[in-house]
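Read the structure below first, then the notes.
The values are calculated or read from the model by the stated rules, or taken from the named source; none is laboratory data. It should be emphasised that the depicted structure is a prediction, and the values quoted were computed from it without experimental measurement. Counting neighbours? That spans all protein chains shown, and the Cβs are built from the backbone with ideal geometry, glycine included. These area figures cover heavy atoms from the full protein model, side chains too; ligands, DNA and RNA do not enter into them. Shrake-Rupley method; radii C 1.70, N 1.55, O 1.52, S 1.80 Å.
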Amino acid sequence: MHRTRKPTPLPITSPSVSSAVGAVAVACWPVLSTVIDKYQTESTIMERCCRCLRFAIRCVGKQAAHLLEPLVKQMVSVYTRHPHSCLLYLGSILVDEYGSETSCVAGLLEMLQTFITTTFSLLQEENGLKNHPDTVDDFFRLCNRFLLRAPVVFLTAPVFPSILQCGLMAVQLDHRDANSSVMKFFSDMVHAGVSHPEREDFTARQQLVREMLAEHGRTLVNNLIHASVFCLHSYMLCDVAMVITELILWDRETFRSWIWETLSQLPKQNTGGSVTATEKQLMEFQDTVTNAQNVKIITHSLRDFARLYR
């Protein structure tokens, strides 16, 4: 499915026009639902149906809230039999539009939990991450929307630990779009622990992110550095730098200790027997990254450092 930014809403000049647009979208739903059922095995048709539904939902917003339950029910039913990644993407649109509505959160979380069973079955196959990059991309887009709209519910969900483990493995996936969504998942997750202190849920978010990083922060930093050095193309390292930036903003000194643990365990020689990075170069890299004031500096440092091992 072609991904674009959230479209600018159509100019609604009066309540009557808004109602008319909503009525058209609602009237289209039975037809689209029938098409989805009939052609659920056809990926191209499914993508076009999802695209149509996506723009309809974006256009009418809350006016289509009453369609949420039947739409989600059909989506998860089809995805269980035919895991088209466009259904995950459509799910992310639903979370973006309705995830802030208290009455909708439970149903959306149930949707996520149902999606996960089939998604993880695909990704746990041999070379599953590599063979299904669109699924990785759209699944973590969906998770990112939960972090944005209902972070506490998402971070306390029973399925969150499994999502986190999947993300830690997907950090090293060398597919640009999929890896970018995974990196955004981690940067947004860390950012959730420090952003918007004026909101009522700030203390809960802060505590949840602190607990998550206390348990998994070392692994995350280790995987980020290993991915940068051994797995990812140089043009993908700006996304890694975004995650590192959020970790530094969260706790600079803790990040400093974690990155040194990783650097000190990197191989001293490459496969040809040549020296990789000297102790001095490791220390310079650690200092440059930890003290960096912007993403650009970290990106350049990662690229230069990775060249020592290639």
query: Does residue 190 satisfy the condition of being without any contact (Cβ under 8 Å) to a residue 60 or more places away in the chain and either farther than 21 Å from residue 104 by Cα or part of a helix (DSSP H, G or I) (or both)?
result: no
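Among the listed residues 204, 214, 241, which satisfies the condition of being surrounded by fewer than 12 Cβ atoms within 10 Å (Cβ to Cβ) and either assigned to a strand (DSSP E or B) or not charged (D, E, K, R) (or both)?
Numbers: 204 fails: surrounded by fewer than 12 Cβ atoms within 10 Å (Cβ to Cβ); 241 fails: surrounded by fewer than 12 Cβ atoms within 10 Å (Cβ to Cβ).
Answer to the check: 214.
If you take just the helices (runs of 4 or more DSSP H) that sit entirely in segment 48-151, which of them hold at least 3 residues that are over 14 Å from the mean Cα position of the chain (by Cα)? Don't jump to the end; show me each part of the working.
Working: elements: 68-81, 85-98, 102-123, 128-131, 133-149.
Hits in segment 48-151: 68-81, 85-98, 102-123, 128-131.
Could you list, in sequence order, the residues of segment 152-161 that are assigned to a helix (DSSP H, G or I) and in contact with a helix residue (DSSP H, G or I) (Cβ under 7 Å, 6 or more places away or on another chain)?
Residues of segment 152-161 that are assigned to a helix (DSSP H, G or I), as a first pass: 152-155, 160-161.
Listed by number, the residues that qualify are 152, 153, 154, 155, 160.
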query: Based on what the data block shows, is residue 157 more than 13 Å from the chain's Cα centre (by Cα), open to solvent by less than 10 Å² (accessible area, probe 1.4 Å) and modelled with pLDDT of 95 or more?
result: yes
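Mind checking whether some residue in segment 100-109 is closer than 14 Å to residue 163 by Cβ and either at pLDDT 95 or above or acidic (Asp, Glu) (or both)? Outline the logic, then answer.
Kept after step one, since they are closer than 14 Å to residue 163 by Cβ, are these residues of segment 100-109: 109.
Now restrict to residues that are either at pLDDT 95 or above or acidic (Asp, Glu) (or both): 109.
For segment 100-109, residues closer than 14 Å to residue 163 by Cβ and either at pLDDT 95 or above or acidic (Asp, Glu) (or both): present.
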statement: Matching residues in segment 84-109 (more than 21 Å from residue 26 (Cα to Cα), surrounded by fewer than 17 Cβ atoms within 10 Å (Cβ to Cβ) and touching a residue at least 24 places away in the same chain (Cβ under 8 Å)) number 1
field: Count - residues of segment 27-47 that are assigned to a helix (DSSP H, G or I) and open to solvent by 50 Å² or more (accessible area, probe 1.4 Å)
entry: 11
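Yes/no matrix, rows are residues, columns are (1) under 28 Å from the mean Cα position of the chain (by Cα); (2) within 26 Å of residue 210 (Cα to Cα); (3) surrounded by fewer than 16 Cβ atoms within 10 Å (Cβ to Cβ); (4) modelled with pLDDT of 90 or more:
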site	(1), (2), (3), (4)
253	yes, yes, yes, yes
257	yes, yes, yes, yes
261	yes, yes, yes, yes
264	no, yes, yes, yes
273	no, no, yes, no
292	yes, yes, no, yes
298	yes, yes, no, yes
301	yes, no, no, yes
306	yes, no, no, yes
